[in-house]
Amino acid sequence: MAAAVAWLRRGAWGPARRCGLAAARSYSGGGAYPGVPLTCPLPGVPKAVFAAAEGRERFETRVTVLQNGLRVASQNKFGQFCTVGLLINSGSRHEAKYLSGIAHFLEKLAFSSTAQFSSKDEILLTLEKHGGICDCQASRDTIMYAISADAKGLDTVVNLLADVALRPRLSDEEIEMTRMAIRFELEDLNMRPDPEPLLTEMIHAAAYRENTVGLNRFCPVENTDKIDQKVLHSYLRNYYTPDRMVLAGVGIEHEQLVECARRYLLGVEPVWGTAPTKDVDRSVAQYTGGIVKVEKDMSDVSLGPTPIPELTHIMIGLESCSFLEEDFIPFAVLNMMMGGGGSFSAGGPGKGMFTRLYLNVLNRHHWMYNATSYHHSYEDTGLLCIHASADPKQVREMVEIITREFILMAGAVGEVELERAKTQLKSMLMMNLESRPVIFEDVGRQVLATNTRKLPHELCALISQVKPTDIKRVVTKMLHKKPAVAALGDLTDLPTYEHIQAALSSKDGRLPRMYRLFR
């Protein structure tokens, strides 16, 4: 008898018999099938299909180069929707021979009327049929047109992208509306309580004076009336060429995307004609270092029942490396190790409360409102910065605290803090790559720069290999460069650029002492 019970428990009679036996002592969860237990499939209901890991090769990024030089890259992803877009090697860094602000204009003019679509409304209605949304973003080195929609509407999506990028009407009315939008955005930029976008512009201008990534990303007010259809066509003729483009897609089959690319992006004549390109700027970024100061009254930036106090904002940066170099990964870990943020935080896991700028700066100096590390990286250069904010009377002390943190980067690196920074970086990388639009941008940018893509597991392996000696090596190299400084607000007590440079060249990061007869 005992042997029979053991045999029954092992399921020797098969699943059908087990379900039959279970039915005698189980109850169904629904009224429609009272005799069927929850552990058995319902009669007449199709078997559920679940996403499963089918081998890494199925989800690797595939790249095809068309006859005209355009690259088509795709990444398969389980789901009903896809994200497809065009990334173009064009941005504010290429405007040295043109009026500054063209990329800003093109960003605002995106998805307006084209040869096929009479208005922006018609484009949005077309996308609405496939549950789609569209967006355009211009950065210093890339312009990106992207659409997220149902994968069944891929043909319509690629047709629309090709029309928007290569055959926009750029009517006088649309250009005038764009001028108004840009003027409003520039006013808003100067009135925002958060100065980070403005400081980012200033630190780039200081670090790369009047070249490549140091050129203004926003259109200057004086250029808004000068940019017209003729100027835009002149720029587009040189930079919107197939060899500078990548059509990237996530959530679709590669063959389908290539077929659509051949149909809509091969042999298409743009509205600006097919004249040979000339004056294409292939300049390599030249790091200069320097200082950009803007004296500004920040006392009334945020009024109301709980106004933000008057603050002076300082950003100090040093040249790091491009994202194509091996040292990019150690710099990314270093940036994560420095971390930082605002003086108020709810804490909790993953907030970076154990990063150096929290432990050494914000926790020890209650008068500091902000201390945050940033890492900007491009294909030929990079910039590691620390942004700090405090009361105008404590600017000198704040600058010295930041210069000391830069010097301490080259000191001892604890095993625990390094492992924490590496784990947090890997965690953020994998969390971000759960999002389809983020995967799309990652695929597009990597293929645009290198014609291939490093997969997340490869990047995680590189992050794991970073050692304390790697951090010390990249920091020592970085500290030999001239600093870039951006300062905004009441700058009465701001140390001179020479004093900041001397502090970053010293052993302890301290500013030279100043002696005054009268205060």
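Observations on the model:
- The listed residues are Glu434, Glu441, and the only one of them that is acidic (Asp, Glu) and modelled with pLDDT of 95 or more turns out to be Glu441.
- Matching strands (runs of 3 or more DSSP E) fully within region 246-344 where at least 2 residues are among the β-branched types (Val, Ile, Thr) and modelled with pLDDT of 95 or more: 290-295, 312-319
- Screening region 110-136 for residues that are in a helix (DSSP H, G or I), of a type in the set (A, V, I, L, M, F, W, C) and open to solvent by 10 Å² or more (accessible area, probe 1.4 Å) and picking the one that is farthest from Glu173 (Cα to Cα) gives Leu125.
- Extreme residue, farthest from Ile147 (Cα to Cα), among residues of region 102-120 that are free of Cβ contacts under 8 Å to residues at least 24 places away in the same chain and not basic (Lys, Arg): Ser118
- Selection of region 275-301 for residues being open to solvent by less than 50 Å² (accessible area, probe 1.4 Å) and farther than 30 Å from Val395 by Cα yields Val280, Asp281, Ala285.
- When every residue of region 368-375 is checked against the conditions, none turns out to be more than 24 Å from Phe406 (Cα to Cα) and either in a loop (DSSP other than H, G, I, E, B) or touching a strand residue (DSSP E or B) at 6+ places or on another chain (Cβ under 6 Å) (or both).
- Any hit, region 460-477, residues being under 26 Å from Asp141 (Cα atoms), in a loop (DSSP other than H, G, I, E, B) and open to solvent by 60 Å² or more (accessible area, probe 1.4 Å): no
- The residues in region 223-233 that are open to solvent by less than 20 Å² (accessible area, probe 1.4 Å) and in contact with a Phe, Trp or Tyr (Cβ under 6 Å, 6 or more places away or on another chain) can be counted, and the count is 1.
- With respect to the conditions (1) without any contact (Cβ under 8 Å) to a residue 12 or more places away in the chain; (2) within 30 Å of Leu384 (Cα to Cα); (3) in the same structural domain as Val447 (by the TED database), Lys296 lacks only one, and its number is (1).
- Among the residues of region 152-195, the one identified as touching a strand residue (DSSP E or B) at 6+ places or on another chain (Cβ under 7 Å) and over 22 Å from Met245 (Cβ atoms) is Pro195.
- Put simply, of Val416, Val395, Val399 the only residue that is surrounded by fewer than 17 Cβ atoms within 10 Å (Cβ to Cβ), in the same structural domain as Phe344 (by the TED database) and of a type in the set (Val, Ile, Thr) is Val416.
- Residues satisfying the stated conditions in region 204-263, i.e. acidic (Asp, Glu) and under 22 Å from Lys97 (Cβ atoms): Glu210, Glu222, Asp225, Asp228, Asp243
- Single match in Thr450, Thr496 (criterion: modelled with pLDDT of 95 or more, farther than 30 Å from Glu405 by Cβ and surrounded by fewer than 16 Cβ atoms within 10 Å (Cβ to Cβ)): Thr450
- Checked across region 287-294, the condition of being within 30 Å of Tyr240 (Cβ to Cβ) and more than 27 Å from the chain's Cα centre (by Cα) holds for no residue.
- Index of the failed condition, Ile386 passing every other in (1) within 19 Å of the chain's Cα centre (by Cα); (2) crowded, with 18+ Cβ neighbours inside 10 Å; (3) in a helix (DSSP H, G or I): (3)
- Only residues that are open to solvent by 30 Å² or more (accessible area, probe 1.4 Å) and in contact with a Lys or Arg (Cβ under 9 Å, 6 or more places away or on another chain) were counted in region 368-378, giving 1.
- Taking first residues from region 165-190 that are within 30 Å of Leu70 (Cα to Cα) and in contact (Cβ under 8 Å) with a residue 12 or more places away in the chain and partners that are open to solvent by 80 Å² or more (accessible area, probe 1.4 Å) and part of a helix (DSSP H, G or I), the Cβ contacts under 9 Å between residues at least 6 apart in sequence or on separate chains come to Glu174/Lys120.
- Breaking point among (1) in the same structural domain as Leu106 (by the TED database); (2) crowded, with 17+ Cβ neighbours inside 10 Å, for Ser320: (1)
- Selection of region 130-180 for residues being hydroxyl-bearing (Ser, Thr, Tyr) and over 24 Å from the mean Cα position of the chain (by Cα) yields Thr156, Ser171, Thr178.
The values are calculated or read from the model by the stated rules, or taken from the named source; none is laboratory data. What you see is a predicted model, and the numbers here were worked out from it, not measured in a lab. Cβ atoms come from the backbone with ideal geometry, glycine included; neighbour counts cover every protein chain shown. These accessible areas exclude ligands, DNA and RNA; they are computed on the full protein's heavy atoms, side chains included. Shrake-Rupley method; radii C 1.70, N 1.55, O 1.52, S 1.80 Å.
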